[in-house]
Amino acid sequence: MRDAPIVFMAAFIAGAMNAIAGGGTLVSFPALLWLGRHPILANATNTVALLPGSLAGAFGFRYELKRIRHWLLILFWPSLVGGFLGSYVLLHTPERTFRGIIPYLLLFATILLMIGPQLQRWLPRSTTSISVRRWAALVFFQLLVGFYGGYFGAGIGILMLAALELMGLTDIHQMNGLKNVLAFTINGIAALYFIQSGAVLWGDVLWMAIGALAGGYASVAIARRVDRIWVRRTVVAIGFLVAFRSFFH
């Protein structure tokens, strides 16, 4: 495949970004658009290709989840339902409409990545037991996150970490473990629907999956040499550049 090197490199960078600071979709998805892929198929392909990285992240925090299993049992279902609904709506969105909202989706994801750390510090934590009303609000919020994740997906980890912080969780490893499993649930059900619907470009998926896994593995060495904050700022700069450029193309 003539575009294989570009697809591989974009996924490699995305995999490394996701492992270090998040925001990999801001590179891999625009790369597919730049290569001339159909935007909805590119979005579906990107979701399927980056799924192995989500699985690896979820597996890595399996021990931390034992203490908060009830959180997972409660938030799993809205993640599953929301992810399916988002993927369904995506494949039933006219191409012209989706092309029109791509710049706003990219801009929203970039802003999320930029303010993510501040957002978690601004939100007040729950210091008392969680009421039924707060649980209901969290479940509804997770349903919306799942919908957004199934439809586009960039930045869902930041949204979930902010919500968990608001609900009173303080162990970052438990929060990351829960976030990774729920993200895999959202992306997994969306990927299954995309595959079943024939909306996946398999030639791109193969090279992207290999590239994303390689990037995630290489990120261990990269993270030791590069400041995480610098990586986040670089991703945000790329995101703004891609978002604003897409407004005019």
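The values are calculated or read from the model by the stated rules, or taken from the named source; none is laboratory data. Because the structure is a prediction, the values reported are computed rather than measured. In this analysis, Cβ positions are derived from the backbone assuming ideal geometry, glycine residues included, and neighbour counts consider all displayed protein chains. Just so you know, the surface numbers come from the protein's heavy atoms only, side chains and all, with ligands and any DNA or RNA stripped out. Shrake-Rupley method; radii C 1.70, N 1.55, O 1.52, S 1.80 Å.
Name the residues in the range 50-96 that are at pLDDT 80 or above and of a type in the set (S, T, Y), would you? Passing the criteria: S79, S87, Y88, T93. Remark: pairs (first residue in the range 201-213, open to solvent by 40 Å² or more (accessible area, probe 1.4 Å); second residue at pLDDT 90 or above and in a loop (DSSP other than H, G, I, E, B); Cβ separation under 7 Å; 6+ apart in sequence or on different chains) = L201/R37.
Part of a helix (DSSP H, G or I), at pLDDT below 80 and farther than 25 Å from P30 by Cβ: is that true of L166 in this structure?
On the way: part of a helix (DSSP H, G or I): yes; at pLDDT below 80: yes; farther than 25 Å from P30 by Cβ: yes.
Spelling it out, L166 is indeed part of a helix (DSSP H, G or I), at pLDDT below 80 and farther than 25 Å from P30 by Cβ.
Residues that are of a type outside the set (A, V, I, L, M, F, W, C), open to solvent by 40 Å² or more (accessible area, probe 1.4 Å) and at pLDDT 70 or above were ranked within the range 107-148; the one that is farthest from S28 (Cα to Cα) is R133.
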